[in-house]
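The values are calculated or read from the model by the stated rules, or taken from the named source; none is laboratory data. Because the structure is a prediction, the values reported are computed rather than measured. Cβ coordinates were reconstructed from backbone atoms using ideal geometry, including for glycine residues, and neighbour counts include every protein chain displayed.
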Amino acid sequence: MTMMVQEKCLFLAAAKTPKSAGCSPELKTISLGQTDDPSVLYIPQCTRVERCGGCCSHSLLSCQPKETETLSYQVEPLLRPFFIGYENEIHWQGKKLKYIGKEVVLVERHVSCKCDCKVKEEDCNNYQEYRESECRCACTNLDEEKKCFKSVKKLWNPELCACQCRDVAQCTPPATHSIRSTANACLII
């Protein structure tokens, strides 16, 4: 046996079979901060809460909450005195923190999870219908789609359910106008 084959055999012998990460609640770190203000520091800054995670059997599916509950956490915001310096740089003044008070932060905990479609009915536009069994939005204006395929200069956009120019330059609109394509022509609006 060659050296390369021997190394491959050693790796295979030492390889472990991974345990599948099924769709279930798992601990995830979440921020407890209620503001983006850099002068406010929350104690504690974060905690771990059960959130849905793991794998589903198809790329069209994702692990989503089936049942949730709201948890109330008490946090203590502290104020760090600062001033804005040259070129908007933040400069902290001293090490003393000012106690602001206590606040309650509401956090969603995922009690149980399920694999469900990533694309939902609310993701569909006015020209689409939701097909739950396929986890997708499908265009309903099929006549326009067929007309579009007959044109060499056009492409069907299944996201917008609209026929569009392959090359915007083919429409040659003035710069102040917008382009809208239809099954038969590029319209300048």
Quiz item: Residues of region 109-124 being closer than 18 Å to S57 by Cα and either touching a Lys or Arg at 6+ places or on another chain (Cβ under 8 Å) or assigned to a strand (DSSP E or B) (or both), which ones?
Solution: S112, C113, K114, C115, D116, C117, V119
Practice problem: Scan region 35-81 residue by residue and report those that are assigned to a loop (DSSP other than H, G, I, E, B), closer than 30 Å to V119 by Cα and among the β-branched types (V, I, T). | Solution: none
Exercise. Considering (1) at pLDDT below 95; (2) surrounded by 10 or more Cβ atoms within 10 Å (Cβ to Cβ); (3) within 30 Å of E134 (Cβ to Cβ), say which one L61 fails and leave the rest.
Key: (1)
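Only one of R136, R131, R166 is under 18 Å from the mean Cα position of the chain (by Cα) and more than 30 Å from S72 (Cα to Cα); which?
On the way: R131 fails: under 18 Å from the mean Cα position of the chain (by Cα); R166 fails: under 18 Å from the mean Cα position of the chain (by Cα).
Within the list R136, R131, R166, the selection yields R136.
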Quiz item: Out of region 99-137, which residues are among the aromatic types (F, W, Y) and surrounded by 14 or more Cβ atoms within 10 Å (Cβ to Cβ)?
Solution: Y127, Y130
